[in-house]
1. Mind jotting down the distance between the C-alpha centroids of the stretch 266-335 and the stretch 231-248, whole Å?
2. If the cut-off is 18 Å between C-alpha atoms, which aspartates and glutamates fall inside it for LYS132, apart from same-chain ones fewer than 8 positions away?
3. Greater than 18 Å separation of Cα atoms is the criterion. Which listed pairs, LYS265/LYS409; LYS160/LYS199; LYS234/LYS256; LYS222/LYS439, meet it?
4. Quickly estimate the mean residue ellipticity at 222 nm for the chain, helices only: each DSSP H run with n ≥ 4 gives -39500 (n - 2.57), and the total goes over all residues, rounded to 500.
5. Using the basic label-point model (7 angstrom from Cα toward the beta carbon), what is the VAL392 to TYR277 distance in nanometres?
6. With labels modelled as points extended 7 Å from the Cα through the Cβ direction, what inter-label distance (nm, one decimal) is found for MET1 paired with LYS111?
7. Can you tell me the order of 399-406, 62-69 when each peptide is scored by its average per-residue count of other Cβ atoms within 10 angstrom, highest first?
8. So, R0 is 22 Å and r is the distance between the beta-carbons of GLN352 and ASN17; what FRET efficiency does that work out to, to 0.05?
Amino acid sequence: MTGAEKEQRIQALEKENQALRERIAELERRLGLNSDNSSKPPSSDGLKKKPKRTQSLRSKSKKSSGGQKGHHGETLKQVLEPDRIVNHSAPSTCCECGCSLSKSTIISSIKRQVFDIPKPSIEVTEHRVEIKQCPRCHSQVEGKFPPLVKAPVQYGGGLKATCAYLQHQHFIPQKRLSEIFQDLFGCPISEGTIVNHSKSLASAIIPLTEELGARVREAPVKHLDETGLRIAGKTNWLHVVSTETVTWYRIATKRKDLEPLMGIKGVVVHDHWKPYYQIDNVVHQLCNAHHLRELKALSQIENESWAKSMKQLLCLANKYQNIYPQTIPKTIVNRLHRLYESIIQRGLIFHQSQPPLSRKGNRGRLKRRVGHNLLLRLQNFSCDVLRFLDSVDVPFTNNQAERDLRMIKCKQKISGCFRNADRAVDFTNIRSVLSTARKQNMNLLQVLTDIFSGQLPVFS
């Protein structure tokens, strides 16, 4: 082998070695990602025992565990007027001397109260309409049934509301729900009847869901997010637009179907999904919980020091927002912006000094490291990352939308996917109403009972 051939061989091996090192680093990074330092769900962590969480995103405080000073706890207390009183007589003779106590007066009593649920039962109400005959023309005159009493035998609003509450708030499947009504009330309800109750409920709340959609579009700050769901064996997408008091869900066959959102205004909080930037006439706030998880992975796996500094800075900025609920002083805001820019420059200098990654093929830009991509995103969208510093109404994270979407994952785990699109749309419309009612501290069972009685709730 000549010297030129040796040199060529060495260069080829070095290139292969570089590609293998990059591949190993990429695989090690994948193994290091979990639900704590990325957006992966906890179910992806597997069955292996997780180490102690000593590096939580939430910093350790000086407060002791348990209820804090001034916290008003709740405990079971006796009531002044119990529903039922059971008297237990004293012995008829004295335990000490054997004297008869039959004529002794009661000087005091000790009371203990037991809170329990009586045996539930179905109450059947029979409506009777009188029929009278006119003495002059002998025609028969009948009374009128209440508007909601339309059949010889039917279910009442309370039973329908209980059925809808268990199905759509707690995601109990139809077959199990039928068994529950049999075991609790001795009243078996067929699965078809349960479906019909859901259809009638969804039909009644159409004006209400349209109102909720209009409210969140006009809200000054709203949260956006989306997640996949299976309908008839195909992947569809559930989009949510929500505030602290209102929730609105909608289903789309394609993830990028954002046309119903094109008329919204104000500030939109999201996780930097690029299509959201196609919405006109809005300003953006990016979810910093996502940034903190990515920064945690960079500091743990790649050991990039700038990532730890940026994570500490974002947490400090969040603390300032909590300390100053009205407005953060301008001097503090300017200082945080300066620190933010200096950390980004330090990170960019670090990545520019690193050897370039190998390129696959001869076209396209050079591949960048994960930390480098995150730095460029934080630099290019710095206003959207730190917008919460300038407005107290803008939140630090997109956790509101995350919480509102969590229910669809519970639904899929408990009772599976949807068989057709109509049922999925009915479910999301009902969930929009239930989630909004819960946020406004309304009794869900009473809300559903009122809807089945023909009275829509009034949301603030």
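1. Using only Cα atoms, the two centres lie 25 Å from each other.
2. LYS132 reaches GLU142.
3. LYS265/LYS409
4. Values: 13 runs with 193 residues, N = 460.
-13500 deg cm²/dmol, from helical runs alone.
5. For the pair VAL392/TYR277, the computed spacing is 3.2 nm.
6. 9.8
7. Averaged packing, sorted descending, gives the order 399-406, 62-69.
8. Details: r = 23 Å, r/R0 = 1.04.
For R0 = 22 Å, the calculated efficiency reads 0.45.
Laboratory data are not the source of any read-out in this text; all were calculated from the coordinates shown. All figures in this text were calculated on a predicted structure; none of them were measured in a lab. Please note: Cβ atoms are built from the backbone with ideal geometry, for glycine as well, and neighbour counts cover all protein chains shown.
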